[in-house]
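These notes are about the structure you will find just below.
The values are calculated or read from the model by the stated rules, or taken from the named source; none is laboratory data. From a predicted model like this one, the values you see are computed outputs, not experimental measurements. So basically every Cβ, Gly included, is an ideal-geometry build from the backbone, and we count neighbours across all protein chains shown.
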Amino acid sequence: MILTRQRILIGAGLLVLILVPLLSSAFYITLLNNIGMYALATLGVVLLTGVAGMTSFGQAAFVGLGAYTTAALIGPSVFGLGAMAGAPWLALGLGLLITLFAALVLGLLTLKLSGHYLPLGTIAWGMSLYSLFGTLESLGGHTGIADLPPLRIAGFVLGDGPSMYYLIWGSVLLAALLIHNLLESRMGRAIRALRGGQEMATSMGVNVFHAKMVAFLIAAGLAGVSGWLYAYTQRFVSPAPFNVQSGIDYLFMALLGGITSLWGGLIGSSIVVLLREWLQDLLPMLLGRSGNFESIVFGLLIVVVMQRWPGGLFGAVSTLLARRFNFAPQSQARLPDAGLAVRALPRRERTTPGERVLDVRGVTKRFGGLVANNDMSLQLSAGEILAVIGPNGAGKSTLFNLISGVMTPNGGDVIFRGHRVNGVSPRLLAQSGLSRTFQHVKLLPEMTVLENAALGAHLRGHKGVLASALRLDGEDEGCLLNEARQQLERVGLGDYLARPAGSLALGQQRILEIARALCADPCLLLLDEPAAGLRHKEKEALAELIRKLRDEGVAVLLVEHDMDFVMGLVDRIVVMEFGQKIAEGQPDDIQRNPAVLRAYLGGVDE
C-alpha cells in the first residue's frame, strides 16, 4: 500500500514537471531552470556531505570549471576558436574529463585530511579556482566570456527557457535515479558507512579512501554537468557565480532541504532560489535599497531549521506525515524474494582441524611512558574458543586492536595464518579471513538491519559503481543480501530485516554485529564483550551459536567480563593484568589459580 502511494506521488510529481512549461510564464520557467541547475550540483553535496560525511565548500568551483571549459570550447572569442560550438556532447565529455581530472588531483591532496582540516582544504582550492577564472585573460578575466552560441542537438536549437527546461530537469531526474540506485548497492553501503563508521567499515574490508574518492568524483561530475548546462542556458560565463560564497550556498541548500536525502537536495534548491527572488523584491521595499538583507534572512533561517529540524525541511515533513498517517519504515534494500533461487556466495578455503590460526609472540605496545601490553603471547587454533579476561585496564582492548590491525606493536609479532601481519591494515586482514565485533557497538543506525549485516559481506561482492548505478548488479546484490538474511536468521534476527538498526535494543545490536561479522565468512572471529546487554536466554543462544562456529572450524577469540558465560563456553582462558599475561589454562584451572584470584579479588587465603 505504501509503495503504491509512493508511486502515485512520484507519478504526480513527474506529470507536474512535464506540464509546468505549458502553464507558466517565461519568468518562472527561467527560475525553474536555475533551480534545476542548482539542484544538480546540490545532489552532489548531499552525496558528499550528507551521505559520506565529508564537508565541502568547493562545489561551486567545480560548477565553474565545467562552465568555463564548455565556454572555452564553444565560445568564438576564446583562443579565437569555438571549434565545438556544433558538438555539445563532445564539449560535455571534455568538460567532464577536465573537471574529474581536477577533482582527482584535489581529492588526492585533501581527502586524507580529517576533522576541520578537510573543509578548510576545500575552501582553499575553491578560492584558488575562483581566482584562476578571474586571472586568466584568455578566459576573459573578471569580465568573463560572452556571446556563447545556443545549444543545438540533432538540428534543434534549445535556446529558450522551455527547451532547456526539459534538458535540465531530465538531467536532474536521471542523476537522482542513478545516485539512488548506487546508494542501494554494495558500493553505496560502503559510501554510507563513511559517515560515522570508518573504523568499522575498514574492518569489514571497505577501502575507505576509494569510497571517499568515488563520492568526491561523483559530486564533482554532477557539478560539471551543471556548469555545462549553465554555459548554454546563460550563454555567458564570468567568475562571480563560482566563488566560495556560492559554495556555501550549495551547502546551505542541502542543509535547509535535508542533507541526508536526495529529496532534500531538490527541496532546498527550490526554496532558496524562489525565496531569494521574492526577498530581493520585498526587502528593499521594507528596509531600503542598500544592503544585502536576504543574506541576513537566510542566516536566521538556517539557524532556526538546524535547531528545530536537524534533518532539514524534508526530514521534518517526513516525520510529520509518518506520525499522521502511521507510515512504517521501509527497507531500501533489494531483498530477494523468498521463493527465488539465489546462488550461494563462494566460501573461502577452510582451515584444517587444529591448524594454528593465530600466534601472538611477545607483543609489546607503548603509549609514551605507558606500557599497555608487555611481552604478551597467546596461540589459537582452528575449531577452538579462547577467552581473554582481566580487570578493567588490563590491556585487553589494546591486544584486540593489535591483532585486528588497528594498532601496530612496538615489539613482538602477530602471526595470522602463517604470515606476519604487524602493521597490516584491517581491510587486508578482513580479506584474509579475520572478522570482529566492537566493545562499543558500531552500527549505522539509519540503515536497516539487513543492510548493516550485508556490509560484512562487502569483500564477497564484485560489482562496481557503474554497474550499481545502472542496476546491472542484480545477481551480485541478491547474493549479498541473501547471505545477510541467512546470517540474521541464524542469530535470531530474521524478523527485523527491514527495521532501522538504531531501533534495536542494545543486546540485539550486539547480535547484529556478530551476524555482520559472519557475513564475511571468517576463519578467525574476534568478539569484544559479545554478551554485554544480553538477557539470560539470549546468552544461551549466543553460546550455542559460538559452539556451532567452533564445530565448523572457526577460531574464536573473545574478551568478556561475564565469568559465568565464559567458564561454561570456552576451551582455554588467558588472564591479563597490567598488560601482562598472569595465567593461561582451562576454565577449571583458572578458577583455582591464586594469581587470578588476587587480580580479581585483591587477595587470596593461603
>> Taking the criterion of being surrounded by fewer than 23 Cβ atoms within 10 Å (Cβ to Cβ), among the basic types (Lys, Arg) and assigned to a helix (DSSP H, G or I), would at least one residue in region 272-280 satisfy it?
In response: yes
> From the list HIS458, HIS440, which one is farther than 27 Å from VAL371 by Cβ and not aromatic (Phe, Trp, Tyr)?
Replying inline: HIS458
> Taking GLY126, is it crowded, with 20+ Cβ neighbours inside 10 Å and not in a strand (DSSP E or B)?
Replying inline: yes
> Hey, any hits in region 147-156 for a residue that's among the aliphatic types (A, V, I, L, M), surrounded by fewer than 14 Cβ atoms within 10 Å (Cβ to Cβ) and touching a residue at least 24 places away in the same chain (Cβ under 8 Å)?
Replying inline: yes
> What about SER318, is it loosely packed, with under 15 Cβ neighbours inside 10 Å, at pLDDT below 90 and either assigned to a helix (DSSP H, G or I) or not assigned by TED's automatic domain parsing to the domain that holds PRO76 (or both)?
Replying inline: no
> Quick one: what pairs do we get from region 52-64, first residue touching a residue at least 12 places away in the same chain (Cβ under 8 Å) and on the phi > 0 side of the Ramachandran plot, second in a loop (DSSP other than H, G, I, E, B) and surrounded by fewer than 24 Cβ atoms within 10 Å (Cβ to Cβ), C-beta under 6 Å, 6+ apart or different chains?
Replying inline: GLY53/LEU194; GLY53/ARG195
>> Among (1) under 19 Å from SER238 (Cα atoms); (2) at pLDDT below 90; (3) polar (S, T, N, Q), there is one condition THR69 misses while meeting the rest; what is its number?
In response: (2)
> Across region 499-520, which residue is surrounded by the fewest Cβ atoms within 10 Å (Cβ to Cβ) among those that are closer than 16 Å to GLY533 by Cα, in contact with a Gly (Cβ under 7 Å, 6 or more places away or on another chain) and of a type outside the set (A, V, I, L, M)?
Replying inline: GLY507
> Can you find a residue in region 38-49 that is touching a residue at least 60 places away in the same chain (Cβ under 8 Å), within 18 Å of GLY257 (Cβ to Cβ) and surrounded by fewer than 24 Cβ atoms within 10 Å (Cβ to Cβ)?
Replying inline: no
> Can you tell me which residues in region 475-531 are in contact with a His (Cβ under 9 Å, 6 or more places away or on another chain), closer than 30 Å to GLN379 by Cα and not aliphatic (A, V, I, L, M)?
Replying inline: CYS519, ASP528, GLU529
> (1) under 23 Å from GLU384 (Cβ atoms); (2) out of contact with any Asp or Glu (no Cβ under 8 Å at 6 or more places or on another chain); (3) surrounded by 18 or more Cβ atoms within 10 Å (Cβ to Cβ): which one isn't true of ILE582, the others all being true?
Replying inline: (3)
> For PHE27, are the conditions met, namely being over 25 Å from the mean Cα position of the chain (by Cα) and either modelled with pLDDT under 90 or not in a helix (DSSP H, G or I) (or both)?
Replying inline: yes
> Given LYS442, LYS463, which one is outside any helix (DSSP H, G or I) and touching a Lys or Arg at 6+ places or on another chain (Cβ under 9 Å)?
Replying inline: LYS463
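How many residues are of a type in the set (A, V, I, L, M, F, W, C) and touching a residue at least 24 places away in the same chain (Cβ under 8 Å) when one looks only at region 109-146?
10
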> Which ones in region 340-366 are in a strand (DSSP E or B) and at positive phi?
Replying inline: GLY362
>> For MET576, only one of the following conditions fails: (1) under 30 Å from ASN374 (Cα atoms); (2) in the same structural domain as ASN482 (by TED's automatic domain parsing). What is its number?
In response: (2)
>> Going by what's in this entry, would LEU345 be described as within 30 Å of CYS519 (Cβ to Cβ), under 32 Å from the mean Cα position of the chain (by Cα) and modelled with pLDDT of 90 or more?
In response: no
> Does ALA387 count as touching a Leu at 6+ places or on another chain (Cβ under 8 Å), of a type outside the set (Asp, Glu) and closer than 18 Å to VAL556 by Cα?
Replying inline: yes
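How many of the residues making up region 391-414 are out of contact with any Leu (no Cβ under 7 Å at 6 or more places or on another chain) and among the β-branched types (Val, Ile, Thr)?
Just the residues of region 391-414 that are out of contact with any Leu (no Cβ under 7 Å at 6 or more places or on another chain), to begin with: 391-399, 401-402, 406-408, 410-413.
Then drop every residue that is not among the β-branched types (Val, Ile, Thr), which leaves 398, 406, 408.
Residues flagged as out of contact with any Leu (no Cβ under 7 Å at 6 or more places or on another chain) and among the β-branched types (Val, Ile, Thr) within region 391-414 amount to 3.
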>> Yes or no: region 427-434 includes at least one residue that is within 16 Å of GLN580 (Cα to Cα) and of a type in the set (S, T, N, Q).
In response: no
> Which of the residues spanning region 532-579 are surrounded by fewer than 19 Cβ atoms within 10 Å (Cβ to Cβ) and in contact with a Ser or Thr (Cβ under 7 Å, 6 or more places away or on another chain)?
Replying inline: GLY553
> Are any of the residues in region 131-139 closer than 24 Å to PRO241 by Cβ and touching a strand residue (DSSP E or B) at 6+ places or on another chain (Cβ under 8 Å)?
Replying inline: yes
>> Consider region 471-487. How many of its residues are free of Cβ contacts under 8 Å to residues at least 60 places away in the same chain and under 22 Å from the mean Cα position of the chain (by Cα)?
In response: 2
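Could you pull out the residue among LEU472, LEU480 that is part of a helix (DSSP H, G or I) and either over 25 Å from HIS210 (Cα atoms) or at pLDDT 90 or above (or both)?
After ruling out the rest, the residue left standing is LEU480.
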